[in-house]
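To keep things clear, I will list the structure first and then write my remarks on it.
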Amino acid sequence: MKHIPVLLDDVLETLGDIKGRTIVDCTFGAGGYSRAFLERGASVIAFDRDTNVNVDANELKKEYGERFRFINSPFSEIKQLNVGDFDDVVFDLGISSMQIDNGERGFSFRFDAPLDMRMDTRTNITAADLINNMSPDDLADVLYEYGDIKKSHFYAKLLKEKQPKTTFELRDLIKNPGDVAPVFQALRIAVNDEMGQIKSALGSVNELIGAGGRCVCVTFHSIEDRIVKNTFRKWTDVAGDPRLPTNDTAPYKLLKVKTPSKDESENNPRARSAHMRGVEKV
Ligand SMILES: C[S@@+](CC[C@H](N)C(=O)[O-])C[C@H]1O[C@@H](n2cnc3c(N)ncnc32)[C@H](O)[C@@H]1O
């Protein structure tokens, strides 16, 4: 299924009038956000580390020429790749519907496939390798932190012992059906270092973005959202202390915090856990 963009109207509202601005879309996916930015007169520099999104990117290139550039790299490289001047930055984090629905990628327990889960297949470590390489304690931490799995040590020991190589082998080891999706999610986040990526990228954005530049993040996981929330609180507080209230002389001002409407969540189940946060550099 084609990816349905989440919270797009709120992202657009938070960005304001984007005609003539240059926006870095850090998570191109199926290009739903990029297309909306281009249609409203912005130029777009899009990142995605998945090589499978090239077809949609080429489509936009054909339609919009110079106004659209695609960079097939992780967004954490935004600084070292020297992308040139830009105004605003947008992240729509996590995984796309195409990634989850492509059975061969190993993201889903609905399809039998090698236990892969790499967004960027040019990297080396798959989910099966991760289970093999990690210590039982580290694996338990991953399951607990990113999947909220209570019996994390039990599962870590089991996975180390059985070394599942396919999605179905992993699924069948998890006896409690309610734990299957969280275990898959936790391994995916670790394989792709999703929390490390966003932390590093936000650090670079803070250095690169100019006055009046806006940064908008859509998250789908509580830890991911906490990273964004605490970073933005630090930026919007003059003392750099996330526990203090925001202040007029802080380097950024908070624009908007939003979760999906009942309608959006009903029409697009992927949207249910989403949070959007936006700030502007003063
Ligand atoms: C939720 S989808 C984005 C959907 C997009 N906004 C749309 O409207 O079609 C997330 C995309 O971000 C990409 N992605 C996730 N982490 C990334 C990273 N660190 N660097 C580059 N791309 C990343 C994934 O490969 C995926 O295609």
Failed item, numbered, when Pro177 is tested on (1) closer than 27 Å to Thr219 by Cβ; (2) assigned by TED's automatic domain parsing to the domain that holds Ile18: (2)
Number of positions in segment 61-85 that are of a type in the set (Lys, Arg) and loosely packed, with under 12 Cβ neighbours inside 10 Å: 1
Among residues of segment 86-106, those that are open to solvent by 10 Å² or more (accessible area, probe 1.4 Å) and more than 24 Å from Pro260 (Cα to Cα), counted: 6
Failed item in (1) surrounded by fewer than 19 Cβ atoms within 10 Å (Cβ to Cβ); (2) within 30 Å of Pro136 (Cβ to Cβ), with Arg272 passing the rest: (2)
Test set (1) in contact (Cβ under 8 Å) with a residue 40 or more places away in the chain; (2) more than 25 Å from Asn268 (Cα to Cα); (3) more than 8 Å from the ligand (Cβ to nearest atom) - Asn58 fails condition number: (1)
One residue from Val191, Val216 being at pLDDT 95 or above, of a type in the set (A, V, I, L, M, F, W, C) and closer than 18 Å to Ala274 by Cα: Val216
Any hit, segment 82-103, residues being touching a residue at least 24 places away in the same chain (Cβ under 8 Å), under 26 Å from Tyr33 (Cβ atoms), away from the ligand (no atom under 15 Å from the Cβ) and not charged (D, E, K, R): yes
Condition check for Asp25: within 14 Å of the chain's Cα centre (by Cα) and modelled with pLDDT of 95 or more: yes
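Restricting to segment 5-20, give me the number of residues that are closer than 21 Å to Asn268 by Cβ and open to solvent by 10 Å² or more (accessible area, probe 1.4 Å). So that I can check it myself, show each step before the final result.
Here is the first cut: in segment 5-20, the residues closer than 21 Å to Asn268 by Cβ are 5-15.
Filter again for open to solvent by 10 Å² or more (accessible area, probe 1.4 Å), leaving 5, 8-10, 12-13.
Within segment 5-20, residues that are closer than 21 Å to Asn268 by Cβ and open to solvent by 10 Å² or more (accessible area, probe 1.4 Å) number 6.
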Residues being among the acidic types (Asp, Glu) and either open to solvent by 30 Å² or more (accessible area, probe 1.4 Å) or over 28 Å from Arg118 (Cβ atoms) (or both) - total across segment 21-60: 3
Filter result for Lys2 (surrounded by fewer than 16 Cβ atoms within 10 Å (Cβ to Cβ) and modelled with pLDDT of 95 or more): no
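The values are calculated or read from the model by the stated rules, or taken from the named source; none is laboratory data. Because the structure is a prediction, the values reported are computed rather than measured. In this analysis, Cβ positions are derived from the backbone assuming ideal geometry, glycine residues included, and neighbour counts consider all displayed protein chains. All accessible areas refer to the heavy atoms of the entire protein, side chains included, with ligands and DNA or RNA removed. Shrake-Rupley method; radii C 1.70, N 1.55, O 1.52, S 1.80 Å.
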